Amino acid sequence: MQTDKSNDQTNVSTSTVANAETKAAREGVFISTYGCQMNVHDTDRMHALLEMINIEQVGRPEDASVIIINSCSVREKAVHKVHSEAGRYRKLKNKNPNLKIGVGGCVGQQEKGNLLKDVPVLDFVFGTDTIDKLPQIVQEVRKQNTKITSARFDHVSPYQIETLIKNPGVATFVNIMKGCDNFCTFCVVPFTRGRERSRNIEEIIQDVQKLTLRGVKEVTLIGQNVNSYKSDHGEGFGDLLLRLTKETNLERIRYTTPHPKDFNIELAHIMRDHREKIMEYIHLPAQSGNTEILERMNRGYTREEYLAKAKMLQSEVPGATFSTDLIVGFPGETEAQFEDTLSLLDEVPFESIYAFKYSPRPFTKAAKFLDQVPEDIKSERLTRLFAKHREIAHNLTRKYEGATLRVLVEEYHESDGGCFGRSTQNKSIHFKGSPELVGQTVNVKINCAYPSTLHGEIV
Ligand code: SF4
């Protein structure tokens, strides 16, 4: 932690801090979250950490004594978004000078102390590796009325991050690794989340065991490059999956985000042989369907290798459903190269796609490429890609009409008596039910299938 007035000598443990403040009045934190599931998971962690010092989650910034923007720099104009959101809180700060405002997440990691200089309303900035210091940061900012930046990567200590979440519900996330060593030329993640580090395998198992005791039935294992997980003793992602199926009472296991190059037939067989627990949904981020563009992206596979891997997974994991990430208008992308991305949709039955126009990110190689594609061409390509996928997705999802799917019920909504859950294929399913169904796995017959949701009735 680098601070304006102090340095990183804050050796107070979170529990000591909690004990010292248990008698203090409870206050509120409002966290505004952008980006991926990892950021959503980080926000849960921030809430749990701040609760230890009697700062509870509130639903509106007006009710908060601490406001945090948990930022994401994967999408465009990330820094600009932080500036404008922080600016919107200026009025609240004028009314309440004790209000403390901070920025965490990838923009905090990337911009560090520059944010404090550029956005005077901010009191603290912390990075993706210093979330656990949040209680101390908030306390120090308040007591010493100082501004704090804490955004150094910790390259030394073991990566320990027991899941902290107040209400895990039926299905929750468990972080197993972080960072990425792949350095795709368009991606800022290696700069904002650091190099790959995996958690100790025993700690993950114990973490999941504790969650199941709290009623969790399903976990999604998360990491930037989840299937390159490697334990201290050399156990890989497949070993972790196997141990979770055998040593915990989990009913369902999912994971995201994997890298196509780290899928192999052994992993496919583990999924196939334990399909009652490991869900048959595979996100296989392609990014492009053209080999030259993939090479410029530094993705580590050709179009043919990607397709071979998709075919292998289709044949070895029967019933698997697929989704992918695609970027259009990467620097130098010609019309013919874009059409290779379009034609990927004819080759792999992607039930959903997450597609974006390329936009340059700080520190990345591709941002310096001189042959950037004009914005209007990127927009036109994205429109064509979505239009093509809409037609395909419609046909792919129609197969669910009349089918009966196994659904883990995650929510009941009293307002309309509706239940929400997900099938083994990760389909979002809505149907009428009752509150006691939450946490149970039920059979739902699908009456109506839309590309992103299915509607049905319990049978
Ligand atoms: S593998 Fe994923 S997280 Fe890693 S650099 Fe590439 S896109 Fe980013």
Legend entry - Positive dipole terminus of the chain, leading residue within L116, P451, V188 (C-beta point charges): L116
Legend entry - Orphan Cys of the chain, criterion: no other Cys C-beta under 4.7 Å: C36, C72, C106, C180, C419, C448
Inset, instruction - Let me have the 222 nm mean residue ellipticity of the chain computed from DSSP H runs of 4+ only, each contributing -39500 (n - 2.57), with the sum over all residues rounded to the nearest 500. - result: -10500 deg cm²/dmol
Inset, instruction - Using only the Cα atoms of the stretch 146-225, build the gyration tensor, take square roots of its eigenvalues as a ≥ b ≥ c, and label the shape rounded, prolate or oblate: rounded if a/c is under 1.5, else prolate if a/b is larger than b/c, else oblate. - result: prolate
Inset, instruction - Starting from the Cα of E162, step 7 Å along the direction of its Cβ; do the same at Q206; then give the gap between the two resulting points in nm. - result: 0.7
Legend entry - Cα-based shape type of the stretch 159-279, given that a ≥ b ≥ c are square roots of the gyration tensor eigenvalues and the cut on a/c is 1.5: oblate
Legend entry - Contour minus Cα-Cα distance for R195 and K388 (0.36 nm per residue): 65.8 nm
Inset, instruction - Return the whole-Å distance between the Cα centroid of the stretch 99-116 and the Cα centroid of the stretch 133-152. - result: 12
Legend entry - Cross-link pairs K133/K217; K277/K311; K210/K277; K117/K378; K365/K427 - those with Cα-Cα distance over 26 Å: K133/K217; K117/K378; K365/K427
Legend entry - Difference of contour (0.36 nm per residue) and Cα-Cα distance, E305 to H274: 8.6 nm
Inset, instruction - Can you bin the stretch 80-139 into rounded, prolate or oblate? Criterion: square roots of the alpha carbon gyration tensor eigenvalues sorted a ≥ b ≥ c, rounded for a/c under 1.5, prolate for a/b above b/c, oblate for the rest. - result: oblate
Inset, instruction - Lys and Arg at +1, Asp and Glu at -1: add these up for the other residues within a Cβ distance under 15 Å of Y400 and post the number. - result: +2
Inset, instruction - Find how much the distance from E457 to E401 grows on full extension, using 0.36 nm per residue of separation minus their present alpha carbon separation; answer in nm with one decimal. - result: 19.0 nm
Legend entry - Magnitude of the charge dipole, the stretch 171-260, Cβ model with Lys/Arg +1 and Asp/Glu -1, debye to 20: 240
Inset, instruction - Would you mind computing, in nm to one decimal, how far apart the modelled labels at E411 and K368 are, each placed 7 Å from Cα along Cα→Cβ? - result: 4.5
Inset, instruction - Mind jotting down the distance between the C-alpha centroids of the stretch 167-216 and the stretch 295-348, whole Å? - result: 26
Inset, instruction - Considering the options S288, Y255, A268, tell which one lies farthest towards the positive end of the dipole of the stretch 253-298, charges being +1 on Lys and Arg and -1 on Asp and Glu at the Cβ, about the Cα centre. - result: Y255
Legend entry - Partners for K309 among lysines (Cα-Cα distance below 20 Å; same-chain residues under 8 apart left out): K261
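None of the figures in this text is laboratory data; all of them are computed from the coordinates on show. In this text, all values refer to a predicted model and were calculated from it rather than measured experimentally. Virtual Cβ from ideal backbone geometry, glycine too; neighbours counted across all protein chains shown.
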